[in-house]
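What follows is a set of notes on a single structure, which appears directly below.
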Amino acid sequence: MAPDTLAAPPPAHDTATTPPGPAISLVDVVKDYGGDRKGAANGAAVRGVDLDIGEGEFFSLLGPSGCGKTTTLRMIAGFEEPTGGRILLHGRDMVGVPPDQRDVNLVFQSYALFPHLSVADNVAFGLRRHRVPKGEIHDRVDRMLHTVELADKADRRPRQLSGGQQQRVALARALVNRPRALLLDEPLGALDLKLRQSMQLELKRIQREVGITFVYVTHDQAEALTMSDRIAVMNGGLVEQVGPPREVYERPATAFVAGFIGTSNVLSGRLADSGTGSGAEAGARTGVLDLGDGQQVVLPLPEGAAAGSPVEVTVRPEKITLGAAPPTGRVSRIRGTVEEVVYLGTSSSYAVRTATGTELTVFQPNDGTAALTPGRGDTVWLTWATAHSYPLAPAPAPAPAPGPDAPAPR
Amino acid sequence: MTTTATPSRTVRRRRAVRRGSGLRLWTWLVIGWLLLPIAVMILFGFNDTSGKVNFTWQGFTLTWYEHLFAIPNLTDALLNSLGIGLVVAVVATLLGTPIGMALGRYRFRGRGSVDLLLFAAIAAPEIALGAALLSLFIILGVPRGYGTVVVAHVAFCIPYVAITVRARMAGYDPTLEEAARDLGAGPWTAFRLVTLPMLLPGVVSGALLCFALSVDDYVITSFNAGRTVTFPLWVYSAARTGVPPQVNVMGTLIFAAGLLVAGANVLLARRRAG
């Protein structure tokens with residue numbers, strides 16, 4: 001990488017010459033460790049990932065441990081070579097390019113600060129490697145340390161700092177190079193809750209200030225929802241859904257996404273014969289799951305769903321209202337018995353066992369607007385608006401041995 | 001100390017001291033055992049003895065420090081030993097460090113065998129090694145002397161370097177090197193600027209150990225030295241007629257220098273740890 005790309009201000013000027021394509025593109029990326037790694041499904045850590053990450057976007061890779069998110073990040077950074085597919089940084093294929101020649105920087109989960117160097121020397125490390133003039137190094141390090149509010153700690157050794165301060169040094173050390181994209185591998189994982197929450201806001205502020213693309217790996221769904229412009233939910237080496245936080249939360253595409261992000265209720269059944277018709281929303285076709293005994297779930301009809309086909313529907317706990325009497329009309333209604341009531345301060349959580357045996361969670365605000373505040377053992381009717389029923393796509397089949405060209409579900 | 005402490009803390013400290021006093025005595029006994037020979041060596045370097053017999057205390061003098069190089073053969077032998085020690089330390093460190101790094105960082109086929117080999121080389125009886133090397137040199141027709149001593153010393157020093165470096169490598173976080181690569185350092189620069197400084201205390205310990213072992217070695221050297229005389233060879237041959245006090249003085253100075261360098265290395269390691 002030429003030193004001048006580093007010294008240049010963030011890539012705004014670039015858009016003048018090239019159309020504003022994605023900052024990072026992953027095209028059918030596969031990473032197979034072969035027989036080396038035990039346990040990983042089908043031997044492959046990443047089984048065909050397609051992603052387009054936009055310029056200046058705060059993009060999160062979210063998933064449980066072992067889902068391939070860190071491997072994906074390390075492939076973008078250049079520490080792992082994909083066994084298939086392509087990784088493009090600003091349109092340039094990066095496969096085979098060593099990490100020191102990629103214009104991205106990684107913030108390590110363990111921070112990986114150099115213990116034998118002072119804070120200032122840690123931050124200056126990247127600039128020195130790119131032969132930035134001495135005076136400029138001094139200025140940029142100084143300014144960066146001010147940004148992360150550590151200017152008074154410049155001469156300290158990393159070990160003399162607290163965890164939160166070390167975290168900010170790691171961030172400064174990466175950001176001072178003005179990379180085209182900053183990659184963060186669970187950077188807040190080692191901090192306690194309070195500090196983590198304040199660092200989330202801090203990271204968001206810094207990202208807005210510098211305008212650099214952030215690719216953020218986390219297993220913490222709340223963190224991903226708080227910070228991201230878009231989230232890719234990963235599971236078993238595949239991306240299950242990509243979208244803005246609200247979309248991923250409110251319209252989960254698969255049962256896995258529904259279960260992984262927030263608390264979710266999943267109901268399953270078959271589409272009723274007479275179940276199609278137009279619902280409350282003008283023009284939207286709706287279907288009905290008949291649960292018997294006057295109970296039903298009304299849902300927006302999934303594409304190509306025929307009567308009698310099995311359907312899974314999810315509904316978020318805070319969208320459900322509790323009532324004493326069955327609501328009438330073409331709305332979802334399920335009867336159940338309250339098994340547990342948990343007071344959570346701003347809201348209360350109810351665990352309701354339905355007549356069909358499913359346990360559903362319901363959140364009601366404690367602001368006095370709740371129609372009914374039942375106690376344990378009470379029989380209640382659950383209802384929610386049709387728009388809040390989300391039919392789930394069937395989970396991607398755990399194919400026995402997908403080749404490198406296994407399709408990634410969108 | 002006790003004046004600033006609260007009464008209860010003082011009492012507690014006294015009790016702790018009393019409880020630990022047996023252990024303390026034991027510790028000092030062991031330390032005494034370790035230091036006694038060295039103390040005698042240092043002391044008899046100041047002995048105002050006449051001639052070659054240096055077994056009874058005759059009074060304090062600095063004359064042996066003044067006339068340190070009064071015995072030309074002894075001086076030559078010392079210079080030989082120091083020279084060989086330096087060369088051996090450098091060569092064995094260069095050869096042993098990569099072995100230690102590989103053992104500390106990677107898992108590879110033959111790792112266990114290399115491990116075993118290192119310990120075998122340390123455990124092998126010196127006298128057998130020396131004799132075997134001598135026959136090897138004779139078979140190959142290599143004239144014995146300075147060079148063969150260096151080769152022999154390097155051979156038995158490599159495992160010590162490899163083992164000290166490996167111990168250091170075990171505590172090294174390999175993501176540090178990745179971080180350096182990520183920040184734009186090539187593989188060699190990352191090693192030079194990050195890995196090597198972190199390993200340095202181990203490397204220095206290994207080099208010091210080599211130097212000490214080489215300067216000290218009698219058994220293997222005696223087989224392979226040819227006409228070259230090293231410090232231990234000279235002292236051993238002199239012992240039959242009596243060891244001059246200059247030997248004690250030289251021993252004291254080598255010991256003091258070693259102590260200084262080892263102390264500096266500990267300080268260096270502390271500084272690097274931050």
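Only the coordinates and a few stated rules stand behind these numbers; no lab work does. Predicted model, so just to flag it, every value in this text is computed and none were measured. Glycine gets a Cβ as well: all are built from the backbone with ideal geometry, and neighbour counts include every protein chain shown.
Has the range B:175-198 got any residue that is over 24 Å from A:Val97 (Cα atoms), more than 8 Å from every other protein chain (Cβ to nearest Cβ) and assigned to a helix (DSSP H, G or I)?
Within the range B:175-198, one or more residues are over 24 Å from A:Val97 (Cα atoms), more than 8 Å from every other protein chain (Cβ to nearest Cβ) and assigned to a helix (DSSP H, G or I).
Pull up the range A:80-103, narrow it to residues that are at positive phi and assigned to a loop (DSSP other than H, G, I, E, B), then point me to the one that is farthest from the other protein chains (Cβ to nearest Cβ).
This residue is A:Gly91.
Does the range B:141-149 contain any residue that is under 30 Å from B:Met198 (Cα atoms), β-branched (Val, Ile, Thr) and in contact with a helix residue (DSSP H, G or I) (Cβ under 8 Å, 6 or more places away or on another chain)?
No: zero hits.
Does any residue of the range A:294-311 turn out to be buried (at least 20 other Cβ atoms within 10 Å of the Cβ) and within 20 Å of A:Pro365 (Cβ to Cβ)?
no
Tell me whether the range A:134-141 contains one or more residues that are in contact (Cβ under 8 Å) with a residue 60 or more places away in the chain, over 32 Å from the mean Cα position of the chain (by Cα) and either more than 10 Å from chain B (Cβ to nearest Cβ) or closer than 23 Å to A:Arg159 by Cα (or both).
For the range A:134-141, residues in contact (Cβ under 8 Å) with a residue 60 or more places away in the chain, over 32 Å from the mean Cα position of the chain (by Cα) and either more than 10 Å from chain B (Cβ to nearest Cβ) or closer than 23 Å to A:Arg159 by Cα (or both): present.
In the range A:114-132, how many residues are more than 8 Å from chain B (Cβ to nearest Cβ) and under 18 Å from A:Ala170 (Cβ atoms)?
Looking only at that region, the number is 10.
Run down B:Phe211, B:Phe223 and say which single residue is more than 23 Å from B:Ile163 (Cβ to Cβ) and crowded, with 21+ Cβ neighbours inside 10 Å.
Of the residues listed, the single one that is more than 23 Å from B:Ile163 (Cβ to Cβ) and crowded, with 21+ Cβ neighbours inside 10 Å is B:Phe223.
Pick from the range A:312-337 the residues that are among the small types (Gly, Ala, Ser) and buried (at least 17 other Cβ atoms within 10 Å of the Cβ): which of them is nearest to the chain's Cα centre (by Cα)?
A:Ser332
Exactly one of these conditions fails for A:Thr226: (1) buried (at least 21 other Cβ atoms within 10 Å of the Cβ); (2) under 18 Å from A:Asp185 (Cβ atoms). Give me its number.
(1)
For the range B:215-274, enumerate the residues that are among the acidic types (Asp, Glu), assigned to a helix (DSSP H, G or I) and either in contact with an Asp or Glu (Cβ under 8 Å, 6 or more places away or on another chain) or more than 30 Å from B:Pro197 (Cβ to Cβ) (or both).
The answer is none; no residue qualifies.
Which condition number does B:Leu133 fail, the rest of (1) assigned to a helix (DSSP H, G or I); (2) more than 20 Å from B:Ser214 (Cα to Cα) being met?
Going through the list (1) assigned to a helix (DSSP H, G or I); (2) more than 20 Å from B:Ser214 (Cα to Cα), B:Leu133 breaks only (2).
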